[in-house]
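K.L.:
One structure follows; several queries about it will come next.
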Amino acid sequence: MDFGIKGRNALVCAASKGLGFGSALALAKEGVNVTITARGAETLEAAAKQIRAAAPGVTVKTVAGDITTEAGRAEALAAAGTIDILVNNAGGPPPGDFHDWGREEWVKAVDANMITPILLIKAVVDGMGERKFGRIVNITSSAVKAPIPVLGLSNGARSGLHGFVAGVSRQVAKTGVTINNLLPGRFLTDRLKGTIGAQSKKQGAELEAEFGKIAATIPAGRFGTAEEFGQVCAFMCSVQAAYMTGQNVLLDGGNYPGSF
Ligand code: NAP
């Protein structure tokens, strides 16, 4: 299927690895010019090289910086130019116990996982509307739908973003701009490997055995891949997905057990 977005320009935040990278790669393979960001310049350049090799003909720009800062966002927006597609992403807040989190921890989480995507949406949405086309996908977490106790900062901060998106997506729906959230369950990225690695070390368990044990609890019997995550993201940015807005799309191999 041709997604009809060849020649469009995308800003994909936090995209040198994992789900952001998977999304940038899938969009580039659809002929979309991508601007990718991350804090670490070296990994970011390696990611850009990989995308250029997989999608010759598209322009791949890189912006090294922290997307959760004012300066990082300004640089990313300036480099990307006219943005038709925005994929919001950033590192998730750390796990922990809510008894240990004070104002500082909460402000940091809300800043990164709620305010940052909101400010980026604000920066691009009117221009998209004037040009009668726009796609915004926020990478959030299945923890918004089924909260994970140790990820309280994520559960809370990301839910705030979902509330905002539910409203604003309807406000701009007539302008040809869609805004949706894409909620990953368990994807075998560096972040997940790190989390499982830390858990297994604590319990003195074998890492591979721990991976297998967790994968077996997922109805699909496996973790997701960044590649398949990116492909769903690209579909949500397609012309075919024009009537889909304000939605929370769960991609979790069937892990969430509810009917709705
Ligand atoms: P990952 O493999 O660790 O990749 C994170 C990417 O984001 C890297 O490119 C990283 O590069 C970049 N990044 C992190 N913080 C940034 C910042 N402040 N500014 C710019 N770039 C930044 O993580 P992932 O698994 O793809 O996760 C992506 C998001 O999905 C996270 O918010 C995570 O919590 C959420 N999520 C993931 C899963 C999963 O199973 N993987 C499940 C639920 C939710 P630098 O470090 O160089 O900046």
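K.L.:
Out of all the residues in the stretch 167-186, which are touching a helix residue (DSSP H, G or I) at 6+ places or on another chain (Cβ under 8 Å) and in a helix (DSSP H, G or I)?
P.N.:
Val168, Thr175
K.L.:
For the stretch 53-70, give me the residue count where each residue is more than 11 Å from the ligand (Cβ to nearest atom) and either in contact (Cβ under 8 Å) with a residue 60 or more places away in the chain or exposed (fewer than 15 other Cβ atoms within 10 Å of the Cβ) (or both).
P.N.:
6
K.L.:
Okay, moving on. If Ser159 passes every condition in (1) within 10 Å of the ligand (Cβ to nearest atom); (2) of a type in the set (Gly, Ala, Ser); (3) touching a helix residue (DSSP H, G or I) at 6+ places or on another chain (Cβ under 9 Å) but one, which one does it miss?
P.N.:
Of everything listed in (1) within 10 Å of the ligand (Cβ to nearest atom); (2) of a type in the set (Gly, Ala, Ser); (3) touching a helix residue (DSSP H, G or I) at 6+ places or on another chain (Cβ under 9 Å), Ser159 misses just condition (1).
K.L.:
Looking at Arg73 and the list (1) over 22 Å from Cys237 (Cβ atoms); (2) within 14 Å of the ligand (Cβ to nearest atom); (3) surrounded by 15 or more Cβ atoms within 10 Å (Cβ to Cβ); (4) of a type outside the set (A, V, I, L, M, F, W, C), which single condition is not satisfied?
P.N.:
Result: Arg73 fails condition (1) only.
K.L.:
Mind listing just one residue for me: the one in the stretch 143-158 that is crowded, with 18+ Cβ neighbours inside 10 Å and more than 16 Å from Glu105 (Cα to Cα) and, of those, farthest from the chain's Cα centre (by Cα)?
P.N.:
Filtering the stretch 143-158 for residues that are crowded, with 18+ Cβ neighbours inside 10 Å and more than 16 Å from Glu105 (Cα to Cα), the one farthest from the chain's Cα centre (by Cα) comes out as Lys145.
K.L.:
Oh, and also: Tell me whether the stretch 105-116 contains one or more residues that are surrounded by 16 or more Cβ atoms within 10 Å (Cβ to Cβ), within 17 Å of the chain's Cα centre (by Cα) and more than 15 Å from the ligand (Cβ to nearest atom).
P.N.:
Looking for residues that are surrounded by 16 or more Cβ atoms within 10 Å (Cβ to Cβ), within 17 Å of the chain's Cα centre (by Cα) and more than 15 Å from the ligand (Cβ to nearest atom), one finds none in the stretch 105-116, hence no.
K.L.:
Going by the structure shown, is Thr43 over 13 Å from Ala15 (Cβ atoms) and either within 12 Å of the ligand (Cβ to nearest atom) or surrounded by 14 or more Cβ atoms within 10 Å (Cβ to Cβ) (or both)?
P.N.:
Against the criterion (over 13 Å from Ala15 (Cβ atoms) and either within 12 Å of the ligand (Cβ to nearest atom) or surrounded by 14 or more Cβ atoms within 10 Å (Cβ to Cβ) (or both)), Thr43 does not qualify.
K.L.:
Taking into account only those residues within the stretch 193-222 that are open to solvent by less than 20 Å² (accessible area, probe 1.4 Å) and among the hydrophobic types (A, V, I, L, M, F, W, C), which is modelled with the highest pLDDT?
P.N.:
Ile218
K.L.:
Under 6 Å between Cβ atoms, which residue pairs at least 6 apart in sequence (or on different chains) link something in the stretch 182-198 that is within 6 Å of the ligand (Cβ to nearest atom) with a partner that is part of a strand (DSSP E or B)?
P.N.:
Pro184/Leu251; Phe187/Gly224
K.L.:
Now, a different point. Looking at (1) farther than 24 Å from Ala226 by Cα; (2) of a type in the set (A, V, I, L, M, F, W, C); (3) in contact with a strand residue (DSSP E or B) (Cβ under 7 Å, 6 or more places away or on another chain), can you tell me which one Ile85 breaks?
P.N.:
(1)
K.L.:
Would you mention how many residues in the stretch 229-253 are within 12 Å of the ligand (Cβ to nearest atom) and surrounded by fewer than 16 Cβ atoms within 10 Å (Cβ to Cβ)?
P.N.:
Adding up the residues that qualify gives 0.
The values are calculated or read from the model by the stated rules, or taken from the named source; none is laboratory data. Bear in mind the structure is a predicted one, so any value in this text is a computation, not a measurement. Reconstructed Cβ throughout: ideal geometry from the backbone, glycine too, with neighbour counts over all protein chains shown. When the accessible area is computed, the model is the full protein with side chains, heavy atoms only, and any ligands, DNA or RNA have been set aside. Shrake-Rupley method; radii C 1.70, N 1.55, O 1.52, S 1.80 Å.
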